[in-house]
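Read the structure below first, then the notes.
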Amino acid sequence: MKISIFGLGYVGCVSLGCLAQNGNQIIGVDVEPLKVDLINQGKPTIIEKDIDNIIAEQHSLGRIRATANVYEAVNETEISIICVGTPSGPEGHLNLDYIFKTAQQIGEVLKEKDGFHVVAIRSTVLPGTNMKVGAMIEEASGKKRNVDFSVVSNPEFLREGTAVADYYNPPYTVIGSDNEKAKQIMTEVYSQVGGSMEIVDIPVAELIKYINNSYHALKVVFGNEVGSVCKKLGIDSHEVMRLFCLDTKLNLSPYYFKPGFAYGGSCLPKDLKALKTLAHDSYIDVPVINSIEASNTRSKNALLELILKKGKMKVGVMGISFKAGTDDLRYSPIVDVIEKLIGKGYEVKVFDKNVHVSRLIGKNKSFIKEFLPHLDNLLIEDMQEVADWADLIILNNSDKMYRELKISDSKAIVDLVRFPEFKGMPGYEGILW
Ligand SMILES: NC(=O)c1ccc[n+]([C@@H]2O[C@H](COP(=O)([O-])OP(=O)(O)OC[C@H]3O[C@@H](n4cnc5c(N)ncnc54)[C@H](O)[C@@H]3O)[C@@H](O)[C@H]2O)c1
């Protein structure tokens, strides 16, 4: 394939060498003449393991060259990959000037060019950028998106220092596209790269890099906060985190990662509080650990606001325990919300096959006595009766039996779990989707 690469920095230089090594014909473009000269001398623009040999070899095979001439680069290729910088502005906003300048330049060349052209945004850009780039190219070229050209979002996941190895073995290759032909072309471009090919909606592809990097930053900070607690207490932090990482069931796993409602139950709130207090009493500052509870409270408040906004005064709740398959009500986050709704004059009825007030004992009983003393009056034994009575139905846990509910189109549904059965209904709203 014939590919032009805009921006010959870390991402562009590695892409240039590796795509050439995979047999493609590459033209690099950069506004810095020195970078263009280096590539044309068979030298990399960056210091990175293996890239010097790759560039030298591919240059000698005649597969790579560079130019400052955008016309030549776009006109002689069928794909343009944008790898220009996207720095932060002074207030932290993303600066997309280089991306838009490149889009404008590509559009001007496409005005005269025949054939379908794919523009792939490899730089890290926020959602919405792909559509803006498409509109700019349409305006500059007079051509139509998805007829004459397509814009795909194709974020890069390499890390400096291991960039070539990461290029060939990424966690996955992401293609965000709204065009079948472009999807096929991009799948072929990366056919020799490891990991799965994930073809997704454009905004998903645009956002994922930010989510990945924010989480990576959170991992570093969390590990360091654990380290500071351990050091103060004379506990080996690396041994603690080794054990932490050994748990691939709950810790390093997809578990707990689905957007939904607040956490609760008898353990998470209590143990988090204990760790916070331990850090506080030991004069250790752990801002991330300290902020977890506030974020969880925000989830409960957000649900309350969502319910209030619906303006439906009869609320039916499916499931009151903190998760399906248990009668444990201790710190079940929905209890907080129900209590507030009742305080605001809402009528609430609850179905939960596992919860019978007469059978509650011990701490579970005293929790309900303190936070929802009239639960007995709210509980109804028949879930369909609750659904028929309510104007608004809250699906609070994932018990499969709720799939059987018959809910009329006039009802509002707030789903905290993501039941596919109700998703298309007129009154349906997911808590976080
Ligand atoms: N460096 C990384 O590890 C890494 C990893 C993944 C993603 N990214 C993202 O990839 C993008 C590029 O990052 P980088 O580290 O390679 O940046 P970089 O600063 O090393 O390189 C960007 C290059 O683009 C060139 N450029 C600017 N405007 C241009 C234009 N109009 N036409 C042609 N060239 C132009 C610059 O001269 C520079 O050489 C950024 O969005 C970054 O966030 C970087």
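The values are calculated or read from the model by the stated rules, or taken from the named source; none is laboratory data. The structure displayed is predicted, hence computed values, not measured ones. Counting neighbours? That spans all protein chains shown, and the Cβs are built from the backbone with ideal geometry, glycine included. Surface accessibility is based on the protein's heavy atoms, side chains included, excluding ligands, DNA and RNA. Shrake-Rupley method; radii C 1.70, N 1.55, O 1.52, S 1.80 Å.
Values as computed for the structure displayed
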{"read-out": "Those strands (runs of 3 or more DSSP E) lying entirely in segment 61-123 with at least 3 residues more than 20 Å from Phe157 (Cα to Cα) and in contact with a helix residue (DSSP H, G or I) (Cβ under 8 Å, 6 or more places away or on another chain)", "value": "64-67"}
{"read-out": "Long-range neighbours under 8 Å by Cβ, at least six apart or interchain, first residue open to solvent by less than 10 Å² (accessible area, probe 1.4 Å) and in a helix (DSSP H, G or I) within segment 3-24, second of a type outside the set (S, T, N, Q) and modelled with pLDDT under 95", "value": "Val14/Leu158"}
{"read-out": "Members of segment 278-296 that are under 17 Å from Gly234 (Cα atoms) and part of a helix (DSSP H, G or I)", "value": "Leu278, Ala279, His280, Asp281"}
{"read-out": "Every residue from segment 249-277 that is closer than 25 Å to Phe367 by Cα and not in a helix (DSSP H, G or I)", "value": "Tyr256, Gly260, Phe261, Ala262, Tyr263, Gly264, Gly265, Ser266, Cys267"}
{"read-out": "Segment 25-41, residues that are assigned to a loop (DSSP other than H, G, I, E, B) and either at pLDDT below 95 or not acidic (Asp, Glu) (or both)", "value": "Val31, Gln41"}
{"read-out": "The listed residue being aliphatic (A, V, I, L, M) and without any contact (Cβ under 8 Å) to a residue 24 or more places away in the chain, out of Val240, Val221", "value": "Val240"}
{"read-out": "All positions within segment 39-57 that are in contact (Cβ under 8 Å) with a residue 12 or more places away in the chain and either within 15 Å of the ligand (Cβ to nearest atom) or under 31 Å from the mean Cα position of the chain (by Cα) (or both)", "value": "Ile39, Asn40, Lys43, Pro44, Thr45, Ile46, Glu48, Lys49, Ile51, Ile55"}
{"read-out": "Test set (1) open to solvent by less than 10 Å² (accessible area, probe 1.4 Å); (2) more than 16 Å from the ligand (Cβ to nearest atom) - Arg63 fails condition number", "value": "(1)"}
{"read-out": "Residue satisfying all of: in segment 336-389; within 35 Å of the chain's Cα centre (by Cα) and acidic (Asp, Glu); nearest to Met401 (Cα to Cα) among these", "value": "Asp352"}
{"read-out": "Members of segment 65-76 found to be under 19 Å from Gly9 (Cβ atoms) and among the hydroxyl-bearing types (Ser, Thr, Tyr), listed by number", "value": "Thr67"}
{"read-out": "Neighbours by Cβ (under 9 Å, 6+ apart or cross-chain): first from segment 70-88, more than 19 Å from Met186 (Cα to Cα); second in a loop (DSSP other than H, G, I, E, B) and more than 13 Å from the ligand (Cβ to nearest atom)", "value": "Tyr71/Glu112"}
{"read-out": "The listed residue being part of a helix (DSSP H, G or I), over 18 Å from the mean Cα position of the chain (by Cα) and either surrounded by fewer than 13 Cβ atoms within 10 Å (Cβ to Cβ) or not acidic (Asp, Glu) (or both), out of Lys209, Lys183", "value": "Lys183"}
{"read-out": "Only one of Val151, Val147 that is of a type outside the set (Lys, Arg), farther than 25 Å from Ile211 by Cα and more than 14 Å from the ligand (Cβ to nearest atom)", "value": "Val147"}
{"read-out": "Exclusive hit being over 28 Å from Asn169 (Cα atoms) and either in the same structural domain as Ser153 (by TED's automatic domain parsing) or open to solvent by less than 50 Å² (accessible area, probe 1.4 Å) (or both), set Asp50, Asp30, Asp37", "value": "Asp37"}
{"read-out": "Among (1) loosely packed, with under 12 Cβ neighbours inside 10 Å; (2) at pLDDT below 95 - the single one Ile368 does not satisfy", "value": "(1)"}
{"read-out": "Subset of segment 123-165 (residues that are within 21 Å of Glu48 (Cα to Cα) and open to solvent by less than 20 Å² (accessible area, probe 1.4 Å))", "value": "Ser123, Pro155, Glu156, Ala163, Val164"}
{"read-out": "Where Gln104 falls short, out of the listed (1) of a type outside the set (Lys, Arg); (2) over 18 Å from Asp148 (Cα atoms); (3) open to solvent by 50 Å² or more (accessible area, probe 1.4 Å); (4) within 13 Å of the ligand (Cβ to nearest atom)", "value": "(2)"}
{"read-out": "Which numbered condition Val350 fails, given (1) assigned to a loop (DSSP other than H, G, I, E, B); (2) among the β-branched types (Val, Ile, Thr); (3) modelled with pLDDT of 95 or more", "value": "(1)"}
{"read-out": "Residues of segment 411-426 satisfying the condition of being open to solvent by less than 90 Å² (accessible area, probe 1.4 Å) and of a type outside the set (Asp, Glu)", "value": "Lys411, Ala412, Ile413, Val414, Leu416, Val417, Phe419, Phe422, Gly424, Met425"}
{"read-out": "Residue within segment 140-150 that is within 24 Å of the chain's Cα centre (by Cα) and either modelled with pLDDT of 95 or more or not in a loop (DSSP other than H, G, I, E, B) (or both) present", "value": "yes"}
{"read-out": "One residue from Ile407, Ile320, Ile342 being open to solvent by 10 Å² or more (accessible area, probe 1.4 Å), assigned to a loop (DSSP other than H, G, I, E, B) and either of a type in the set (Asp, Glu) or in the same structural domain as Lys300 (by TED's automatic domain parsing) (or both)", "value": "Ile407"}
{"read-out": "All positions within segment 243-259 that are polar (S, T, N, Q) and touching a residue at least 40 places away in the same chain (Cβ under 8 Å)", "value": "none"}
